[in-house]
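Enquirer: Sending over a structure as structure tokens; questions will come in a sec.
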Amino acid sequence: MTYDELYANIQAYTENTFPETYLADGSAVSTKTQIDTFIKQAEQRIFNTVQFPSLRKNVTGTTTLNNKYLSCPSDFLSVYSMAVIDAAGVYEYLLNKDVNFIRQAYPQPTDTAMPKYYALFGPTTTNDATPVITDELSFILGPTPDAAYSVELHYYYYPESITTAADGRTWLGDNFDSVLLYGSLVEAYTFMKGEQDMVALYNQKYMEALAMASRLGDGLERSDAYRSGQSRVAPLPQNNGVK
């Protein structure tokens, strides 16, 4: 389902064109802004419920000698895996720990070696004379890197919304449009303060579509027939004429 199709379906299902509205300060909220908000709210709910592989991203970076901090990507949500790569190209996957563990295990900045652990430290600060706290997070490594190591980070992020995709298409819209449509309708009817039976109906349809999406993202995409065996359904019991 493309963005234009989703946009039209939301208006058709709700029988509402969501005409331009005005806020208390006199500013206008366009039809597109309203419908895009429903869609983006639905996408966020879906992405935080089902861990599709399309929500994972890979980047590489480099540690700094004698600096135990490493900045997170600007679109970072959470870690899938982090590895340090030595000069021979060997991957060493780091273990996630609390900041207090790293502080206690390596209390001195001079405790240097190839990192073994990482933790989410907190917001990044600038190097200005008066440091400014930014919106981005940072990692703390333990021990402090003794060289400039390559780092490969797999992490979760929000993929581009279908509302801003140049071609009006996304993986979710192409492969699981039902969960996107019904999730958007739930948000739209909530905005409309619609009848409770209709809100309940669309929420039920959304949960049914979400269950199918979860079967894919959290089930089928994490297994194969060789490792897990084929999926089986127990046969129905036979009566064999016995009453």
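Bear in mind that the values in this text are calculations on the coordinates, not laboratory data. Here the structure is a predicted model, which is why all the values come from computation and not from measurement. Cβ coordinates were reconstructed from backbone atoms using ideal geometry, including for glycine residues, and neighbour counts include every protein chain displayed.
Enquirer: For the chain, with a Gaussian network of springs between Cα atoms less than 10 Å apart, report the residue from SER78, SER214, SER30 with the top mean-square fluctuation.
Expert: In this elastic network of the chain, the residue with the biggest mean-square fluctuation among SER78, SER214, SER30 is SER30.
Enquirer: Would you please give the residues with an amide H less than 5 Å from that of LEU94, counting only those at least 5 places away or on a separate chain, with H modeled from the backbone geometry?
Expert: Long-range HN contacts for LEU94: MET82, ALA83, VAL84.
Enquirer: How are the alpha carbon pair distances in the chain distributed across 5 Å bins from zero to the largest one, expressed in percent?
Expert: 1, 5, 10, 12, 12, 10, 10, 11, 9, 8, 6, 3, 1, 1, 0, 0, 0, 0
Enquirer: Evaluate the relative contact order of the chain (contact order divided by residue number), counting alpha-carbon pairs under 8 angstrom at least 6 apart; express in whole percent.
Expert: 27 percent
Enquirer: Give the range of the longest stretch in the chain that excludes all GluC sites (Glu not before Pro) found in loop regions by DSSP and having at most 13 other beta-carbon atoms within 10 Å.
Expert: 21-159
Enquirer: Continuing with this model, one more query. GNM, the chain, Cα, under 10 Å: largest mean-square fluctuation among ALA209, ALA42, ALA87?
Expert: The residue that fluctuates most here is ALA87.
Enquirer: Something else: By how many degrees, between 0 and 90 and to the nearest 10, does the Cα long axis of helix 177-192 differ from the longest principal axis of the chain?
Expert: It works out to around 80 degrees.
Enquirer: Tell me, in nm to one decimal, what length is gained between GLN108 and SER150 on full extension, where the rule is 0.36 nm per residue of separation less the Cα-Cα distance?
Expert: 12.8 nm
Enquirer: In segment 139-168, which chymotrypsin sites (Phe, Trp or Tyr not before Pro) are in a loop and have at most 10 other Cβ atoms within 10 Å, using DSSP for the loop call? Can you show the working numbers first?
Expert: Details: sites: PHE139, TYR149, TYR155, TYR156, TYR157; in loops: TYR149, TYR157.
Sites meeting the loop and neighbour criteria: none at all.
Enquirer: Right, another one. Given the options SER71, SER178, SER27, state which has the largest fluctuation in a GNM of the chain using a 10 Å cut-off (strictly under) for Cα springs.
Expert: SER27
Enquirer: Tell me, how many Å apart are the Cα centres for segment 43-115 and for segment 7-37?
Expert: After rounding, the separation between the Cα centres reads 41 Å.
Enquirer: At 222 nm, what helix-only mean residue ellipticity would the chain give, in deg cm²/dmol to the nearest 500, using -39500 (n - 2.57) for each DSSP H run of four or more? Provide the component values of the computation, followed by the final result.
Expert: On the way: 7 runs with 83 residues, N = 243.
Dividing the helical sum by the residues of the chain leaves -10500 deg cm²/dmol.
Enquirer: Continuing with this model, one more query. Quick one: of the DSSP bridges fully inside the chain, what percent are antiparallel, nearest 5? Could the numbers behind the result be given before it?
Expert: Numbers: 30 of 34 bridges.
Taking every DSSP beta bridge with both residues in the chain, the antiparallel ones total about 90 percent.
Enquirer: Which parts of segment 10-52 would a label at MET207 reach, counting a residue when its backbone N lies under 20 Å from a point 7 Å out along Cα-to-Cβ?
Expert: 42-51
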